[in-house]
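The values are calculated or read from the model by the stated rules, or taken from the named source; none is laboratory data. Treat the numbers as computed from the prediction; the structure is a model and nothing was measured. Here the Cβ positions follow ideal geometry from the backbone for every residue, glycine too, while neighbour counts run over all protein chains shown.
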Amino acid sequence: MFTKGDARAEAPSSDAGLFTRCRAACARYAGLALAGFVLFHLACQAFRAARDGAVPTAGFESEPGFVVGVLLVVFLPFCVLSWDELRGRDRVRTTAATEKARALSVLERATHWLVLLFLSLHLTQVVWPLLDGERAASDVRPELVALLSSTVFGAPLIAAAYLCGVGAASFLGVRQVLRALGPEPKRAAQGAILCAVLAYVLGSYAVIRCAGGAILR
């Protein structure tokens with residue numbers, strides 16, 4: 001009887017340990033996965049925007065299988081990371097930091113909210129209709145172009161929101177990379193910052209091109 005009771009007592013502890021390991025893995029890798037995906041995704045979108053003809057073409061990144069994989073590998077771990085960050089788990093660590101570090105910490109937390117808001121908008125407008133079967137993969141880019149080129153009260157507010165989202169994702173990605181690098185040589189940090197700038201430039205180009213602005217031609 002006592003042996004069975006002990007066995008039952010171990011199960012919750014094992015589950016808690018698994019949950020803790022999952023959270024630790026998300027804290028370690030989710031930020032890097034986000035940074036890599038942001039650069040990759042924005043580069044693909046810039047390439048599509050530069051090569052699109054009269055009718056925007058669908059790419060492999062619009063296929064439902066690829067989208068589901070991104071949600072599982074990048075988006076869900078990032079949500080776990082954001083949950084921990086926004087709960088203020090690092091508040092004790094930042095209390096003793098410099099004024100600059102505290103300011104960056106506050107900015108990073110605000111950027112987390114902005115990125116989560118932007119992702120929710122993007123998922124609602126683009127991803128969910130694709131996975132729900134309401135929209136085919138070949139319709140994703142034409143619908144996105146129509147969305148970005150639309151106006152609200154005569155102003156391109158949706159395109160502006162996407163530009164803000166691109167900037168926030170690029171900033172948050174590089175902050176996560178710099179945190180993972182730690183006290184590495186300055187060249188590594190400079191390389192990460194250059195990649196973030198490149199991601200923002202590529203993303204901005206893609207948004208402006210899709211919104212109807214003919215640039216770099």
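Check the stretch 50-67 and report whether any residue there is at pLDDT 85 or above, of a type outside the set (Phe, Trp, Tyr), exposed (fewer than 13 other Cβ atoms within 10 Å of the Cβ) and part of a helix (DSSP H, G or I). So far as the stretch 50-67 goes, yes, one or more of its residues are at pLDDT 85 or above, of a type outside the set (Phe, Trp, Tyr), exposed (fewer than 13 other Cβ atoms within 10 Å of the Cβ) and part of a helix (DSSP H, G or I).
Residues in the stretch 97-137 that are of a type in the set (S, T, N, Q) and touching a helix residue (DSSP H, G or I) at 6+ places or on another chain (Cβ under 8 Å) were compared, and the one that is farthest from GLY65 (Cα to Cα) is SER105. Take the conditions (1) modelled with pLDDT under 85; (2) in a helix (DSSP H, G or I); CYS79 misses just one of them, which is (1). Scanning the stretch 151-169 for residues that are among the hydroxyl-bearing types (Ser, Thr, Tyr) and either modelled with pLDDT of 95 or more or more than 15 Å from the chain's Cα centre (by Cα) (or both) returns a single hit, THR151. Just one of the listed residues (LEU148, LEU72) is farther than 26 Å from TYR29 by Cα, at pLDDT 85 or above and not acidic (Asp, Glu), namely LEU148. All conditions in (1) at pLDDT 85 or above; (2) closer than 30 Å to LEU104 by Cα; (3) surrounded by 12 or more Cβ atoms within 10 Å (Cβ to Cβ) hold for LEU181, with the sole exception of (1). Among the criteria (1) among the aromatic types (Phe, Trp, Tyr); (2) over 22 Å from TRP113 (Cα atoms); (3) touching a Leu at 6+ places or on another chain (Cβ under 8 Å), the one PHE153 does not fulfil is (3).
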